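A short write-up of the structure that comes next.
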Amino acid sequence: MSRGVFLDTAGLYAVFHAEDEGHQRAAVVWEALICSDVPLHTSSYVLLELVSLLQRRLGTAAVEVLITRPSLGARGMDRREAARAGHRYLVIRPAARS
């Protein structure tokens, strides 16, 4: 069983910014990840940094896409999981497909 993949700011930003030099590769990897059963993890710090970058560089519309993207869902770890991780992480998962 896979322990998962940690999503960092640069990779997530490249998924959302079509003109980023890593966009094409990031988009392919992202699609493969969300279609797999691999757990995806990130931290609240990464999400805060991502929102800040998207808003500053691409505008509020890009932040709205991030927040309302139907293929994503997120949950905070419970206290036991967060204590094991060392700080607050979020688990990103594909939303249920209809």
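Taking VAL5 and the conditions (1) open to solvent by 40 Å² or more (accessible area, probe 1.4 Å); (2) within 21 Å of LEU58 (Cβ to Cβ), which numbered condition does it fall short on, given that it satisfies the others?
For VAL5, the failing item is (2).
Test each condition in (1) open to solvent by 60 Å² or more (accessible area, probe 1.4 Å); (2) more than 15 Å from the chain's Cα centre (by Cα) for CYS35 and report the one that comes out false.
Single failed check for CYS35: (2).
Residues of segment 38-50 being closer than 18 Å to VAL63 by Cα and either loosely packed, with under 15 Cβ neighbours inside 10 Å or touching a strand residue (DSSP E or B) at 6+ places or on another chain (Cβ under 6 Å) (or both), which ones?
Across segment 38-50, the qualifying residues are THR42, SER43, SER44, TYR45, LEU48.
Consider SER2 against the criteria (1) at pLDDT 80 or above; (2) part of a loop (DSSP other than H, G, I, E, B); (3) of a type in the set (Ser, Thr, Tyr): it satisfies all of them except one. Which criterion is unmet?
Result: SER2 fails condition (1) only.
How many residues does segment 32-50 contain that are in a loop (DSSP other than H, G, I, E, B) and modelled with pLDDT of 85 or more?
Residues flagged as in a loop (DSSP other than H, G, I, E, B) and modelled with pLDDT of 85 or more within segment 32-50 amount to 2.
Output the number of the condition that GLU19 fails; it satisfies all remaining conditions of (1) open to solvent by 40 Å² or more (accessible area, probe 1.4 Å); (2) assigned to a helix (DSSP H, G or I); (3) modelled with pLDDT of 85 or more.
So the condition that GLU19 fails would be (2).
The values are calculated or read from the model by the stated rules, or taken from the named source; none is laboratory data. Everything quoted here is computed from the prediction, not taken from an experiment. In this analysis, Cβ positions are derived from the backbone assuming ideal geometry, glycine residues included, and neighbour counts consider all displayed protein chains. What goes into the accessible areas is simple: the full protein's heavy atoms, side chains included, and nothing from ligands, DNA or RNA. Shrake-Rupley method; radii C 1.70, N 1.55, O 1.52, S 1.80 Å.
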